[in-house]
Ligand code: AMP
């Protein structure tokens, strides 16, 4: 059973490539961003608490996403693709523990590499197509800063475990998908 992390900066193409990966390997797709946006759309207590944080492009607290992941892993039987999680080293450490609790292990982490100018271009383009509340110029900058300061160290965490697979995230969607399959094996 495969358990995979798809990793990269905002705009790197994690969501798009996730669809191909879950289809190919028969995995359950879990996106913390999607789960959090649903809380906001449903106007739950949690949703009200996190809306301002997400609109500002900041990370929500580790506790919130960890609790969500704990439930998602407990409910899964197929193997999972983690999209947008872990985003801090603390989350990465907890993910290892949660998987171990269920007799699982992370297979690998696929890191999509895209230059900053291209990330910004894609995010601004997505802003006009999808109208996501956090796709605007100020928030995009905050999200890239959060990525650089808090999330990038997660790559080293997996490199040290020998689980980091770096994939060029430029090119056609199909080419990138093929590179990812090769990296996962
Ligand atoms: P995404 O859809 O993955 O780009 O996530 C959108 C927003 O949700 C982020 O900018 C954060 O505010 C929040 N978020 C998603 N995943 C996490 C996470 N693992 N830890 C903290 N905040 C998260």
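Throughout, read-outs are computed from the coordinates displayed, never taken from laboratory work. The structure presented is a predicted model; accordingly, all values stated were derived computationally and were not measured. All Cβ positions, glycine included, derive from the backbone under ideal geometry; neighbour counts span all protein chains shown.
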First in the stretch 52-63 and without any contact (Cβ under 8 Å) to a residue 60 or more places away in the chain and under 14 Å from residue 33 (Cβ atoms), second anywhere and within 8 Å of the ligand (Cβ to nearest atom) and part of a helix (DSSP H, G or I), Cβ under 6 Å, 6 or more apart: 60/50; 60/53
For the stretch 13-22, give me each residue that is more than 10 Å from the ligand (Cβ to nearest atom) and either in contact (Cβ under 8 Å) with a residue 24 or more places away in the chain or in contact with a strand residue (DSSP E or B) (Cβ under 6 Å, 6 or more places away or on another chain) (or both). 13, 16, 17, 18, 20, 21, 22
Just one of (1) without any contact (Cβ under 8 Å) to a residue 12 or more places away in the chain; (2) near the ligand (Cβ under 9 Å from one of its atoms); (3) closer than 21 Å to residue 96 by Cα trips up residue 67, so point out which. (2)
